[in-house]
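Participant: This is the structure I have questions about; it appears just below.
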Amino acid sequence: MSSPVKLNFKQVITYQVGSATPIYLQLAQQFINAIQRSWLEPGVKLPGSRILAENLGLHRKTIIAALQELESQGWILVKPNVGTFVILPQATELLKNKITSFSSLSAYPEKAGFTFKTSDLLALEPIQQQPNDLICTDGTPDLRLSYFKNLTQGYSATLKRKSTPNKLGDLHHENKYFKNQLTNFLNGTRGLHILPDNVLITRSTEMSLFILAQTILQPNDVVVVAQLSYYKANMIFQQIGAKLQTIPVDEQGLSVDALKQLLKKQKIRAVYITPQHHYPTTVTLSADRRLALLSLAETYGFVIIEDDYDYDFQYDKSAMLPLASADVQGMVVYTGTFGKALFPNFRTGFIVAPKNVIQEARKYLHIIDPQGDVVLENVLAELIEEGDMHRYLKKSIKEYQARRDFVVQFINDHLSEWIAVNVPNGGLALWFTFKQPVVLQQLTSFFKQKKIVLPRFVQYQNQKITALRFGFGHLNTEELTQVLMAFVLFFEQEKN
C-alpha cells in the first residue's frame, strides 16, 4: 500500500502544548485513535520522522519518541532501510464503519450511536445566572453564616487519625460513630425512640426518596401527594412508574377528609407529606389531622412517607413533633437532612424506618453509594457530640427569624395591596399569594432587568392560584430589600 505522504497529518493528529501529558504521548494516542478508526489502515507506510516533524511543526526527537512508543505497544512495525508500517495488536479490532471525513480526532461524537430512553419527568430548567445576580430560591440557608473554621479543623483532625485510611478503603463501611450520634440527636430533637439499626445514612433527601421508591414502590402503585407538592419527589415517584393522585391542602395542611374519600374508591400504596412546613405553601399539618392520618394508615395499610426537610429551623417552642414520633405500628418512613444549615457539601440525608425496611433499603444504597463519606460523617458526629451543632443552630435560627420578620413587615408596610403572605413558625421560605392578577412571566422578565433571578421552580400559576415560594434564608437584609423593592417597582409599573 502506498505511503500517505500527501495526507495533511496536522488535521488528523492534534496535540496540546502545556498539557500535563507529554506531547510525544499525545501523538502516540492520536495515532492509535486514527488506526482504531480506520483512518490509518494496516499495511500503510508512514512518512519518515523528518517529514512528520515538518508536517506537525514539532522537533524530530519528539516524533521519534512517539514512534518508539507506538512500536512498543505493537501498533507499528519498523523495518530498517524499508520504512515504518501500521499494524494491529492481536487484541485490537477495527471499527466496522470507517470515518471518511477528516475532522479533528480530539472532538468527541456529538450524539450516541445507540438508542436510549429519555425522560421528560426529570427535566429541570437550569438557572441562568450572571455575575452579581441575586437568586430567589425555594428556601436555602446562608452559607456566609456557616462555621467554616470549625468544619475545616474537623476535616483536618479526622484526616490525620491513623484509623481513617482503613475506613476510607472499606467498601460498605457504616460509620457507627456517626449513626450513634445522629440517632441521639434525632431522639433528642424530634421525640423519636429509635436505635442505630433504624437509621440509614444517605447523601440527600432526594437520594433517600429514590431509595425508598425502589424499596417500597412498584410500577402502577398509587402515591398520594398534595395538589401542590415537592416537585422532585413527584419526579422520583413517577420515574419508577407510580401513579400520582393529588388531594387539596388548606390552612391546616393536607386534607384528610379528601384522603378518606379517595381510600373508599381505590387502593393506595403511600402518602407523601411534608407536615412540618408543607412544600411549597409552608403550612403546618394540624395535630388532629396527624392523628387521623396515622389512623387511616393503620386501617388501610398504606405507607406514610414523611419528609421533614427543614425541621431544624424552628422559631418558637410550639413546633409539633414528627408523625414518626407517634407511630407505634411501623407505618411511617421518616426522611430528612442533617447539617442543612452548613455548606451543601457538609450535608447528609437519612432514612428512619423499621429495621427490616432499613435492611432492604441498604441494598440499594450499597449499589449507588457503597463508600459513603467517612470523613464528613466523622466531622458531623463530632459537631453533635461536642454540642457545636446545637450552638450553631441556636445562633443561626435567631438570624433567620429576624430575616423572616423583616420580609413580613416589609410586605405589610409596602406590598399588602398586592401580596398576602403566610407566616410559618419555621423554615427558610414564605408563601406569597397575589391578591391581584399578575403574569409571573412578566415579573420574571422585570426582575431580570434588575439583576434578580426568579427561577421557574419557585413560581406557581394556574387558573386557581398565582403564588411564589420565596426563600429568605440565603439573603441578608440589604439583599432582601433589593428584591422586595423590585416587587414594589413592578407593581407601580402595573398600576400605570
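Participant: If amide H atoms are built 1.01 Å from N in the plane of the peptide, which residues on other chains or at least 5 residues away come under 5 Å of the amide H of residue 349?
Facilitator: Hits under the 5 Å cutoff: 202, 203, 204, 338.
Participant: Working only with C-alpha atoms, what are the Rg and Dmax values of the stretch 198-353, expressed in angstrom?
Facilitator: 14.7, 45
Participant: Out of all DSSP beta bridges in the stretch 146-390, what portion is antiparallel? Express it as a percent rounded to 5.
Facilitator: Of those bridges, close to 40 percent are antiparallel.
Participant: Another question about this same structure. May I ask for the longest run of the chain untouched by GluC sites (Glu not before Pro) that are loop-located per DSSP and have at most 14 neighbouring C-beta atoms (other than their own) within 10 Å?
Facilitator: Here the longest segment lacking exposed loop sites spans 111-250.
Participant: Contact order normalised by length for the chain, with contacts defined as Cα pairs under 8 Å and 6 or more residues apart; what percent is it?
Facilitator: Answer for the chain is 17 percent.
Participant: What does DSSP give for the chain in terms of the percent of beta bridges that are antiparallel, rounded to the nearest 5?
Facilitator: So the antiparallel bridges amount to about 60 percent of the total.
Participant: Using a Cα-Cα cut-off of under 26 Å, which lysines could be cross-linked to residue 451, ignoring same-chain neighbours fewer than 8 residues away?
Facilitator: Output for residue 451: 435, 495.
Participant: Now for a different question. With θ set to phi - 60° and the Karplus curve 6.51 cos²θ - 1.76 cosθ + 1.60, what are the ³J(HN,Hα) couplings of the stretch 438-452 in order, to the nearest whole Hz, using x for Gly and Pro?
Facilitator: 9, 8, 5, 5, 5, 4, 4, 5, 5, 4, 4, 5, 8, 6, 10
Participant: Can you work out the base-10 log of I(q)/I(0) for the stretch 205-266 at q = 0.12, 0.19, 0.24 1/Å, using the Debye formula on its C-alpha atoms alone?
Facilitator: -0.31, -0.74, -1.03
Participant: I've got another one for you. How big is the shadow of the Cα convex hull of the stretch 246-290, averaged over all directions, in nm²?
Facilitator: So the Cα hull casts an average projection of 3.1 nm².
Participant: What is the ratio of the Cα radius of gyration of the stretch 420-496 to 2.2 N^0.38 Å, with N the residue count, to two decimals?
Facilitator: The value comes to 1.08.
Participant: Turning to a different aspect of this structure: Given +1 on the Cβ of Lys and Arg, -1 on the Cβ of Asp and Glu, and no further charges, what dipole in debye does the chain carry about its Cα centre, rounded to the nearest 20?
Facilitator: Numbers: 51 positive and 44 negative charges, 293 e Å.
Its charge dipole is roughly 1400 debye.
Participant: Under 22 Å between alpha carbons, and skipping anything fewer than 8 positions from residue 317 in its own chain: which lysines qualify?
Facilitator: 340, 394, 395, 398
Participant: Related question: May I ask for the equivalent-ellipsoid semi-axes of the chain, computed as the square root of five times each C-alpha gyration tensor eigenvalue and listed largest first in whole Å? Write out the running numbers ahead of the final one.
Facilitator: Details: eigenvalues 602, 177, 127 Å².
Ellipsoid semi-axes (Å, largest first): 55, 30, 25.
Participant: Then there is this: Find how many whole Å separate the alpha carbon centroid of the stretch 468-496 from the alpha carbon centroid of the stretch 266-342.
Facilitator: That distance is 32 Å.
Participant: ³J(HN,Hα) across the stretch 272-287 via Karplus (A = 6.51, B = -1.76, C = 1.60, θ = phi - 60°), whole Hz, x for Gly/Pro?
Facilitator: Listing the rounded values in order: 9, 9, 10, x, 5, 9, 3, 8, x, 7, 6, 6, 9, 5, 5, 4 Hz.
Participant: Among the aspartates and glutamates, select those whose C-alpha is under 15 Å from the C-alpha of residue 265, and discard any that sit fewer than 8 residues away in the same chain.
Facilitator: The qualifying aspartates and glutamates are 221, 257.
Participant: Could I have the simple spin-label model distance between residue 417 and residue 355, label points 7 Å from Cα toward Cβ, reported in nm to one decimal?
Facilitator: Taking the simple label geometry, residue 417 and residue 355 are separated by 6.5 nm.
Participant: Rank 372, 335, 31 by how far each Cα sits towards the positive end of the charge dipole of the chain (+1 on Lys, Arg Cβ; -1 on Asp, Glu Cβ) and give me just the farthest.
Facilitator: Checking the options against the dipole of the chain, the answer is 31.
Participant: At residue 177 and residue 287, where each label point lies 7 Å from the Cα along Cα→Cβ, what is the point-to-point distance in nanometres?
Facilitator: 4.1 nm
Participant: Sticking with this structure for a sec: Would you please classify the overall shape of the stretch 15-60 from the alpha carbon gyration tensor, given that a ≥ b ≥ c denote the square roots of the eigenvalues, rounded means a/c under 1.5, and beyond that prolate means a/b larger than b/c while oblate covers the rest?
Facilitator: Verdict is oblate for the stretch 15-60.
Readers should treat all values here as calculations from the given coordinates under stated rules, not as data from a laboratory. Quantities reported herein were computed from a predicted structural model and do not represent experimental measurements. Cβ coordinates were reconstructed from backbone atoms using ideal geometry, including for glycine residues, and neighbour counts include every protein chain displayed.
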